[in-house]
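One structure is given here, and the rest of the page talks about it.
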Amino acid sequence: MTIAADANESAIRTRALRMVYHPGLMQRSKVALHSLNLDVPRASIYGFLGQNGAGKTSTIKILVALQMASAGRAWIMGTDVIHPAARQHIGFMPENPYFYEYLTAIETLVFYGKLSGMHGPSLTKKADALIEQFGLKQSRNTRMGEFSKGMRQRLGLAQAVLHEPAVVILDEPMSGLDPLGRRDIRNEILALRDRGCTVFFSSHILGDVADICDRVCIIHKGQHVAEGPISALLNQKVVEVEMAFSGIGPEGLPRLAEQARRAWHDGRLYRLLAADDDEALRLRAEAEAGGGTLRAMIPHHESLEEYFVRVTGEEGELKLLLDRAAEAASKKNAPVEGEKAAEAEEGAPAP
Amino acid sequence: MSVWIIALNTFKEAVRDKILYVLTVFAILLILVSRGIGWVSYGGELTVTTDLGLMAIWLFGALIAIFIGTGMIYKEIDKRTLYTILSKPINRWQFVLGKYFGLLLTIYVNLAVLTAVFFGYLAMVGAPVTLALGQALALTFVEMTVVTALAIFFSSASTPVLSAIFTFLLFTIGQLTKWVVDLGSVLQQSAPWAEKMLLALYRVMPNLHNFNIRQEAVQAHELHKALAISPGETLNVVLYGLSYTAALLLAAIFVFRRRNF
Ligand SMILES: Nc1ncnc2c1ncn2[C@@H]1O[C@H](COP(=O)(O)OP(=O)(O)OP(=O)(O)O)[C@@H](O)[C@H]1O
Ligand SMILES: [Mg+2]
């Protein structure tokens, strides 16, 4: 059934994907996705980031065929998502997954397994193994209506990976989970990648994303603003240097407090934040002259969170405006150019 | 295959819902008190018991279809259970048919239980259990394929309250369509266009009264007839029911396939 011929084909690919909602007769229609191009390499963990309402769920719904794109195309493992065959490669967990209330956990998993073409004792065995792996053993025969949000989320993930799909798509898998639950999901995502699976997930929890993603894509108001490996995206310059001294009392040194970005006593050590390396060296000399002993000196680079705020903040807005202006200009010159590009793409993954 | 998996799952989910038992208990009570009503109002005629029992089974089948069926697909969207299901390698038509057959199975199991209770009760009070009664019940079963399809059709296009209203409305109109034709022939002279319109209306509405041979079935025993209506007529009615059902399901699939969730 696999139609994808080329092993180098991206696990997920979209071209000029557009989604317009028409809420009602009298309401204005809303463009949720402008023209999204994605290339998610195989066997990678791909973070899909954006503020609330950026268009993450809209994109994901198109990928799993819950919605039809207003324009543009998308492929999973080389198969156009409009074919049910594309969904053979997909495991999907929606935002806040929900299940039939009167079915038990094991019945639910077996049901999903059957829909994915699994059957017999091997299905039950696999389902039981996942239930145990995700810490739901005690609740195996509990009805889903009695499950807590976190438990449903775990079962949602189990249901997504049950049939060992090549691509796992997760919408906000960590939202609403306690630290332990988040760790479990992170570990599972890493394990999936190690097994050669592609994991595509949207998230707001940037710390988790930074730790595990090979690449990220950030979208803002339905338009892509940044894409690539995290290390390549973040500003490599030192943005701040943190130092800690012993031998300086809680009252601190007035001259230091004046010059540093921030200075405070944490109960044990006197801490300073300097804007860059040079300033750090000056402050250090000053602190040592005042009787302090350097205990730690840590250069801080830009965090994913700071980057995110940067590109979805004013800078991102500006880029969007420029992009849209450029798009409008190119449309004026060659009105069908966008469509041609989409057509050129169509030839490649033909079955 | 996927249709069957979804149907069985729908059945499982439905039989664990309390509303089904509430409706069933009511239906059984109605069958049991029918004898009492017969005594009080008709001087103990057993035909009244039979008549009321047949009606109770028919009515509760329809009520289950309307109460459970009209919310069925909407609930999947509202609770988002559908998200995970449609992300599996199945087609949307399989989902719609799965829901339909699951609901139909629920109703049939329910009607079978009610039928057993009904026949048992008739035997107990000494009323004749005839083939004609079986025939009337069989047509009720066929009628339920149409009513269930109506419920699923509206459910795949609109909200539960609206679907329930529409299904109930068509169910009621369907009982009366014969009179529409009668009205049309009355108008034949004075307003021929009105007759044409009424006739067209009659053609598209579900003519559910076709399935109502309860009166004939009850009287068949006294008239020394084995069947309420002839086998040929029965076949016609059954084919009508199945075609109408197929058309409704096609329409439901057509609507459902185009939806964004
Ligand atoms: N069914 C719909 N009808 C109308 N507008 C919609 C619909 N679904 C989404 N939108 C709009 O499309 C935009 C993108 O929504 P989407 O759900 O994709 O955002 P998101 O990135 O997933 O946000 P969040 O982080 O809050 O989940 C939003 O402005 C939203 O209001
Ligand atoms: Mg979302």
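Candidates A:I169, A:I189: the one that is within 22 Å of A:I90 (Cβ to Cβ), touching a strand residue (DSSP E or B) at 6+ places or on another chain (Cβ under 8 Å) and within 16 Å of ligand 2 (Cβ to nearest atom) is A:I169. Among the conditions (1) within 29 Å of B:W4 (Cα to Cα); (2) of a type outside the set (S, T, N, Q); (3) surrounded by fewer than 23 Cβ atoms within 10 Å (Cβ to Cβ), the only one that A:Y112 does not satisfy is (3). Among the criteria (1) of a type in the set (G, A, S); (2) crowded, with 20+ Cβ neighbours inside 10 Å; (3) touching a residue at least 40 places away in the same chain (Cβ under 8 Å); (4) on the phi < 0 side of the Ramachandran plot, the one A:A86 does not fulfil is (3). Against the conditions (1) under 24 Å from A:E302 (Cα atoms); (2) without any contact (Cβ under 8 Å) to a residue 12 or more places away in the chain; (3) open to solvent by 60 Å² or more (accessible area, probe 1.4 Å), A:R284 satisfies every one except (2).
Here are A:M68, A:M77: which of them is open to solvent by 10 Å² or more (accessible area, probe 1.4 Å) and either within 16 Å of the chain's Cα centre (by Cα) or more than 11 Å from chain B (Cβ to nearest Cβ) (or both)? Before you say what the answer is, go through the steps one by one.
On the way: A:M68 fails: either within 16 Å of the chain's Cα centre (by Cα) or more than 11 Å from chain B (Cβ to nearest Cβ) (or both).
Answer to the check: A:M77.
Can you spot a residue in the stretch B:159-168 that is assigned to a loop (DSSP other than H, G, I, E, B) and either among the aliphatic types (A, V, I, L, M) or surrounded by 22 or more Cβ atoms within 10 Å (Cβ to Cβ) (or both)? Checked against the condition, which is being assigned to a loop (DSSP other than H, G, I, E, B) and either among the aliphatic types (A, V, I, L, M) or surrounded by 22 or more Cβ atoms within 10 Å (Cβ to Cβ) (or both), the stretch B:159-168 yields no hits at all. The condition (being within 23 Å of the chain's Cα centre (by Cα) and of a type in the set (G, A, S)) is satisfied by just one residue among A:G135, A:G150, A:G145: A:G150. Taking the listed residues A:A11, A:A32, the one that is over 14 Å from the mean Cα position of the chain (by Cα), modelled with pLDDT of 90 or more and within 16 Å of ligand 2 (Cβ to nearest atom) is A:A32, with no other qualifying.
With respect to being in contact with a strand residue (DSSP E or B) (Cβ under 7 Å, 6 or more places away or on another chain), free of Cβ contacts under 8 Å to residues at least 60 places away in the same chain, within 13 Å of another protein chain (Cβ to nearest Cβ) and open to solvent by less than 30 Å² (accessible area, probe 1.4 Å), A:T104 fits the description.
Taken over the stretch A:25-62, the criterion of being on the phi > 0 side of the Ramachandran plot and surrounded by fewer than 16 Cβ atoms within 10 Å (Cβ to Cβ) is satisfied by A:A43, A:G53.
Would you mind stating whether A:G196 is in contact with a helix residue (DSSP H, G or I) (Cβ under 8 Å, 6 or more places away or on another chain) and either away from chain B (no Cβ under 14 Å) or within 16 Å of ligand 1 (Cβ to nearest atom) (or both)? Show your work before the answer.
Working: in contact with a helix residue (DSSP H, G or I) (Cβ under 8 Å, 6 or more places away or on another chain): no; either away from chain B (no Cβ under 14 Å) or within 16 Å of ligand 1 (Cβ to nearest atom) (or both): yes.
Here the answer is no, as A:G196 does not meet what is asked.
Take the stretch A:18-29 and flag every residue that is within 16 Å of ligand 2 (Cβ to nearest atom) and under 16 Å from A:I219 (Cα atoms). If the condition is that a residue be within 16 Å of ligand 2 (Cβ to nearest atom) and under 16 Å from A:I219 (Cα atoms), then A:M19 is the only one that fits. Quick check, is B:E76 assigned to a helix (DSSP H, G or I) and within 14 Å of another protein chain (Cβ to nearest Cβ)? Considered against the rule, which asks whether it is assigned to a helix (DSSP H, G or I) and within 14 Å of another protein chain (Cβ to nearest Cβ), B:E76 comes out as yes. Screening A:E164, A:E188, A:E132 for residues that are within 14 Å of another protein chain (Cβ to nearest Cβ) and either more than 16 Å from ligand 1 (Cβ to nearest atom) or among the aromatic types (F, W, Y) (or both) leaves exactly one candidate, A:E164.
The values are calculated or read from the model by the stated rules, or taken from the named source; none is laboratory data. Quantities reported herein were computed from a predicted structural model and do not represent experimental measurements. Backbone-built Cβ (ideal geometry, glycine too); neighbour counts: all protein chains shown. Protein only, heavy atoms only, side chains kept; ligands, DNA and RNA dropped before computing areas. Shrake-Rupley method; radii C 1.70, N 1.55, O 1.52, S 1.80 Å.
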